[in-house]
Amino acid sequence: MIRHKKQLLTIVLFIAGCIGSNAQKQNISERKQLFDYNWKFNLGDDPDAGAINFNDTGWRKLDLPHDWSIEGKTDPRNPMSGAGGYFPAGTGWYRKQFNVPADWKGKRISIYFEGVYMNSEVFFNGKSVGVHPYGYTSFEYDLTSFVDYGKENVISVRVDNSQQINCRWYSGSGIYRHVWMYVSNPVHVANWGVAITSPEVSAQKATVEVKTLVKNETGKPQNIILNTELTGENRIKQALNPIHVQLEANSTKEITQIISVNKPLLWSPETPHLYQAKISVIHDGKIVDVLNKNFGIRSIQYSAEKGFQLNGKTIKINGGCVHHDNGCLGAAAYDRAEERKVQLLKAAGYNTVRTSHNPPSEAFLNYCDKLGLMVLDEAFDGWRVSKNSHDYSKVFDAWSQRDIESMVLRDRNHPSVIMWSIGNEIIERKKSEAVETAKRLAGYVRHIDTTRPVTSAMTTWDKDWEIFDSLMAAHDICGYNYQMHKAESDHQRVPSRVILQTESYPRDAFSNWNMVQTHNYITGDIVWTAMDYLGESGIGRYYYPGDPKGEHWERDFYPWHGAYCGDIDLTGWRKPISHYRNLLWNDTEKLYLAVREPNPDNGKISETLWSVWPTWESWTWPGREEKQIEVEIYSKYPKVRLYLNNKLVGEKQTTKAEEFKATFPIVYTAGVLKAVGVVGEKEVESKLLKTAGAPAAIKLTADRKEIKANGQDLSYVTVEVVDKYGILQPNADNRLQFTVTGPGVIAGADNADLKDTDSYVSNNRKTWHGRAMVVIKSTKNAGEIRLSIRGNGLSEASVIIKSLPVDL
């Protein structure tokens, strides 16, 4: 390692003697080229499909990302079973022909996959270049020695998701994240070869350390200059002194540079400031490699006395677990889908997400950085002992080190990542070998990154708990799944332990919030889950008289094919529990009004462990006239008043003693229901629910009216059935027909009803509680996209989305 401590604190003037205008004019090939377009796909297995001359003329043409499972129909006979949402799986092949320019000769060429689910094997020009079992980590293959320059080359990818069950939730199938082609000089910065940290941080000054791994893949020694330039959002540039480095033939060298940044713009969920490091490798006066890397300046500390601290301030972790799927898009990790997911979480009041139970897409982390959402980055669900017959346990011994290192190396520069998780509810947790495994995995993490704590999510389903003390001690922060009630006695026994509840039941929002607020050694609570998801079918369900009884693991509950335990449903609608949780955590929301669904006449609604009582933003309950119904008000005001048709129903306290809730049992009468927050005797805020009439029209709301014509950008269109006055009809279940004209396609359709067996890729859908959603995807042509929706007895509606030209 080379360490360079002498600093430049002034704005950089690029290395005049080494670069000058000559270097600026160099034609450097784009280092990282998107490789998502113009693939061919076939569902099925053919042992010859990896051959260079294989005939694929009948294969389907598509662009990535792609998930073939979401395109199929749910069926109780599908081998994914309830764990995978009853979707189809199988084996598929992808192929792509592309020309490699002759002037790439002498370059290093590699292919980088962000994620392929699962058991992938990559062939290049007929030769196998590697296999990768795990579907959630990224990987790269060097293709240089296989390339035919100036000719057509063929890449083929076999994806085998036929061995079921291999996941406890919906995994998707295929090349579901981006693919990139890397073209670089033989002297270059290694992939994942930059590590940027902030060893010392204060409001006045921060120390930034940049470690760069430079590779010389030539047979001769090379003399280079490494130049690094930092730029903040204020556009002020600072440079590290250029370093002259001699690289031996076929060698790798890590170079360390340190700089002080005055009055740094610190990254936090409230102020997600980002910097960019521009790293240039200069050889013979020419820039031969350039890498831009975003990072944030922030510090992390943790202790039982002060809890979790970001930038020297104690912050409570208000978190939610989130799986990787994007609802009706399946596992396909479109950038816009990942951005929207982060936006929804932020809008619901979350400051932290746990990526249960696998590393997320790079796009997701980029938006967490940009928008300010802290991340607990998790490696895998289990270790050596299986939870399902074909899960990660089969490859754990051979691949766990590589997959842990892949996660940490790839994600270490994201300021949003505040913690690493090395597992979840490990089956072998009672065995002594589990302690050694935890130490080994934590060691892999700490060998690469010592700036973040290591955790894993622990639980017990029996009386044993204290026996896990030695296993807990292998972690920096101890993850508790559903064990918050053990925290106080654990603190008496092990006072130095720092605790984070890594999973909790949704209905325990208040008690968990109160425990976190009143105990410094409890750093936060992460609910299961922040969002509904596909697979783990039936968790979080409530059910009616005559429905099958039981918890989701006790039997198949088809047509249930997903989880309803989220605060946010599959269309992005925030359930009442989301508003309550945000009200507890933050000051952005202080009053909310909803109505508890009444029991039917033939019996009672039943709940399951992860459910909450079905509660709706509705004052439309036909058939309940003159019958009692319960109205709920969540409030951070000292008291609330409830009015029905401008008549006062009552007034109640909503302080902490009442858990910030008031329930009013009243006789249902159609009209206008109003909740009012009261301070002293002054009414300061109100919320309304109005009785809706018969369904009359369709209301469309596009989250974005302009998208990019890149074949991947999305517009989410919310569909609502309304009465003649424009009031949502919450009982509407109309079947709607979707028509798209112009340069766009329907990428998916949803209504959040996890018992609806309609395909997620369709031109029609029923509404559920008056709502549905259509996701429009651009093509690579610019123009106006028109989505028109019609339904029997409803006025047709349309919305126009402009698709703007971009360079591809």
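Screening the stretch 323-357 for residues that are of a type in the set (S, T, N, Q) and not in a strand (DSSP E or B) and picking the one that is most open to solvent (accessible area, probe 1.4 Å) gives Gln343. Being in contact with a Phe, Trp or Tyr (Cβ under 9 Å, 6 or more places away or on another chain), part of a strand (DSSP E or B), modelled with pLDDT of 95 or more and not polar (S, T, N, Q) is the requirement here; does Asp556 meet it? Judged against the criteria, Asp556 is not a match.
To keep it simple, each residue is scored yes or no on (1) open to solvent by 20 Å² or more (accessible area, probe 1.4 Å); (2) assigned to a strand (DSSP E or B).
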site	(1), (2)
Gln97	yes, yes
Asp103	yes, no
Ile109	no, yes
Tyr112	no, yes
Val122	no, yes
Gly130	no, yes
Tyr136	no, no
Glu140	yes, yes
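I need a count of the residues in the stretch 293-317 that are open to solvent by 20 Å² or more (accessible area, probe 1.4 Å) and either of a type in the set (A, V, I, L, M, F, W, C) or within 19 Å of Thr271 (Cβ to Cβ) (or both). Adding up the residues that qualify gives 11.
Comparison of Gly566, Gly538, Gly572 shows that the only residue that is over 14 Å from Leu754 (Cβ atoms), part of a loop (DSSP other than H, G, I, E, B) and small (Gly, Ala, Ser) is Gly572.
Does Ile698 count as more than 19 Å from Asp335 (Cα to Cα), in a strand (DSSP E or B) and touching a residue at least 40 places away in the same chain (Cβ under 8 Å)? Against the criterion (more than 19 Å from Asp335 (Cα to Cα), in a strand (DSSP E or B) and touching a residue at least 40 places away in the same chain (Cβ under 8 Å)), Ile698 qualifies.
Scanning the stretch 774-800 for residues that are buried (at least 18 other Cβ atoms within 10 Å of the Cβ), of a type outside the set (S, T, N, Q) and outside any loop (DSSP other than H, G, I, E, B) yields Val774, Val775, Ile776, Lys777, Ile785, Leu787, Ile789, Ala797, Val799. Looking at the stretch 389-403 only, could you name the residues that are assigned to a helix (DSSP H, G or I) and of a type outside the set (Asp, Glu)? Within the stretch 389-403, Tyr392, Ser393, Lys394, Phe396, Ala398, Trp399, Ser400, Gln401, Arg402 qualify. Among the residues making up the stretch 702-727, those that are part of a strand (DSSP E or B), touching a residue at least 60 places away in the same chain (Cβ under 8 Å) and open to solvent by 30 Å² or more (accessible area, probe 1.4 Å) are Glu706, Lys708, Thr718. Tallying residues that are more than 30 Å from Thr212 (Cα to Cα) and either within 25 Å of the chain's Cα centre (by Cα) or of a type outside the set (A, V, I, L, M) (or both) within the stretch 438-472 yields 13. Of all residues in the stretch 514-526, exactly one satisfies the criterion of being open to solvent by less than 30 Å² (accessible area, probe 1.4 Å) and in a helix (DSSP H, G or I), namely Val516.
One line per residue, one yes/no per condition, for (1) over 30 Å from Arg429 (Cα atoms); (2) in contact (Cβ under 8 Å) with a residue 60 or more places away in the chain; (3) not hydroxyl-bearing (Ser, Thr, Tyr):
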residue	(1), (2), (3)
Leu345	yes, yes, yes
Thr352	no, yes, no
Tyr367	yes, no, no
Gly372	yes, yes, yes
Val385	no, no, yes
Asp391	no, yes, yes
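When Arg765, Arg771 are checked against the criterion of being of a type in the set (D, E, K, R) and open to solvent by less than 20 Å² (accessible area, probe 1.4 Å), a single residue qualifies: Arg765.
Residues of the stretch 377-387 that are in a loop (DSSP other than H, G, I, E, B), open to solvent by less than 30 Å² (accessible area, probe 1.4 Å) and of a type outside the set (Gly, Ala, Ser): Phe380, Asp381, Trp383.
Among the criteria (1) of a type outside the set (Lys, Arg); (2) more than 24 Å from Ser389 (Cβ to Cβ); (3) open to solvent by 30 Å² or more (accessible area, probe 1.4 Å), the one Pro79 does not fulfil is (2). Across the stretch 657-673, the qualifying residues are those that are touching a residue at least 60 places away in the same chain (Cβ under 8 Å) and farther than 14 Å from Arg596 by Cα, and the one among them that is surrounded by the fewest Cβ atoms within 10 Å (Cβ to Cβ) is Glu659. Considering Leu409, Leu471, the condition of being touching a helix residue (DSSP H, G or I) at 6+ places or on another chain (Cβ under 7 Å) and either within 30 Å of Ala277 (Cβ to Cβ) or open to solvent by 10 Å² or more (accessible area, probe 1.4 Å) (or both) is satisfied by Leu409 alone.
Every residue, every condition in (1) under 21 Å from Asn262 (Cβ atoms); (2) small (Gly, Ala, Ser); (3) surrounded by 21 or more Cβ atoms within 10 Å (Cβ to Cβ), yes or no:
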residue: Val210; (1), (2), (3): yes, no, yes
residue: Asn216; (1), (2), (3): no, no, yes
residue: Asn223; (1), (2), (3): no, no, no
residue: Leu226; (1), (2), (3): no, no, yes
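On the stretch given as the stretch 700-725, residues that are over 13 Å from Gly744 (Cα atoms), out of contact with any Gly (no Cβ under 7 Å at 6 or more places or on another chain) and among the acidic types (Asp, Glu) total 1.
Looking across the stretch 153-208, just one residue is within 15 Å of Pro133 (Cα to Cα), among the hydroxyl-bearing types (Ser, Thr, Tyr) and either open to solvent by 10 Å² or more (accessible area, probe 1.4 Å) or part of a strand (DSSP E or B) (or both), and that is Ser162. Answer with yes or no whether Phe98 is among the hydrophobic types (A, V, I, L, M, F, W, C), touching a residue at least 40 places away in the same chain (Cβ under 8 Å) and in contact with a Ser or Thr (Cβ under 8 Å, 6 or more places away or on another chain). In short, no. The residue list Leu344, Leu310 contains one member that is among the hydrophobic types (A, V, I, L, M, F, W, C), closer than 19 Å to Ile418 by Cβ and at pLDDT 95 or above, which is Leu310. The residues of the stretch 485-513 that are under 22 Å from Trp613 (Cα atoms) and free of Cβ contacts under 8 Å to residues at least 60 places away in the same chain, listed by number, are Ser504, Asp508, Ser511, Asn512. Considering (1) out of contact with any helix residue (DSSP H, G or I) (no Cβ under 8 Å at 6 or more places or on another chain); (2) within 19 Å of Ala797 (Cα to Cα); (3) buried (at least 20 other Cβ atoms within 10 Å of the Cβ), the lone condition that Ala752 does not fulfil carries the number (2). Within the stretch 588-648, which strands (runs of 3 or more DSSP E) (wholly inside it) include 1 or more residues that are in contact (Cβ under 8 Å) with a residue 60 or more places away in the chain and buried (at least 20 other Cβ atoms within 10 Å of the Cβ)? It comes to 591-596. Per the conditions (1) under 29 Å from Val194 (Cα atoms); (2) of a type outside the set (Lys, Arg); (3) open to solvent by less than 10 Å² (accessible area, probe 1.4 Å), the sole criterion not satisfied by Gly320 is (1). Of the residues Thr455, Thr450, Thr502, Thr529, which is among the β-branched types (Val, Ile, Thr) and surrounded by fewer than 20 Cβ atoms within 10 Å (Cβ to Cβ)? Criteria check complete, one pass: Thr450.
The values are calculated or read from the model by the stated rules, or taken from the named source; none is laboratory data. Source: prediction; values computed, not measured. Don't worry about glycine lacking a Cβ; one is built from the backbone with ideal geometry, like all the others, and counts go over all protein chains shown. Just the protein is used for accessible areas: all its heavy atoms, side chains included, with ligands, DNA and RNA removed. Shrake-Rupley method; radii C 1.70, N 1.55, O 1.52, S 1.80 Å.
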